[in-house]
Amino acid sequence: MFTPTPSPHAVLIDFGAAFNQEVVGKDHWKLSGTPLYVPPEFLDKRKGPEGDVWALGVTMLYAIRKLRLIDTEFFIPHLFIDPDTRKEMTDWLDEVQECADELEHSGDHELIRRMLDRQFKSRVTAAELVTEVERDANA
């Protein structure tokens, strides 16, 4: 969603699958999410704040026109029961990774690359993102 006033800025929406880990616990699992934005670890039934960073990274690939919007048919609940659906998901994750790998290794593109690290433990955190964006804004 884009808001033209009072000053133009982007607003992220669609937090239907969001949850507070402090309330439900780190091992909470609910089969939900928007297919093109779920991270690789979702296939291992893992959800957490690292997945939110992944989803923002995918959004940024769209914003900088490095990733095309696709019309997909895969359905999240079928990922764990239908091999064809799982393959469609892994093919999509490979496409996202290829786009990320083609980004420059400096500046904003490097930050997006770090958001899309397939290993969630190595992925840049939300706090690190804020720090880097604020640092760049004040430079």
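One table, with the values for the structure above:
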| quantity | calculated |
| --- | --- |
| Neighbourhood net charge (12 Å Cβ-Cβ; Lys/Arg +1, Asp/Glu -1) for HIS109 | -2 |
| Calculated FRET value between ASP91 and ALA63, using beta carbons and R₀ = 25 Å, to 0.05 | 0.65 |
| Rounded to whole Hz, the Karplus (6.51, -1.76, 1.60) HN-Hα couplings of segment 113-129, x for glycine and proline | 4, 5, 5, 10, 5, 5, 8, 4, 6, 9, 5, 4, 8, 4, 5, 5, 4 |
| Around ARG118: net Lys/Arg minus Asp/Glu count, Cβ-Cβ under 12 Å | -3 |
| Loop-located chymotrypsin sites (Phe, Trp or Tyr not before Pro) in segment 67-139, at most 14 other Cβ atoms within 10 Å (DSSP) | PHE75 |
| Inter-centroid distance (Cα atoms) of segment 72-121 relative to segment 35-65, Å | 7 |
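Where a number appears in this text, it was derived from the coordinates with a stated rule and is not lab data. Just so it is clear, the model here is predicted, and its values are computed rather than measured. Please note: Cβ atoms are built from the backbone with ideal geometry, for glycine as well, and neighbour counts cover all protein chains shown.
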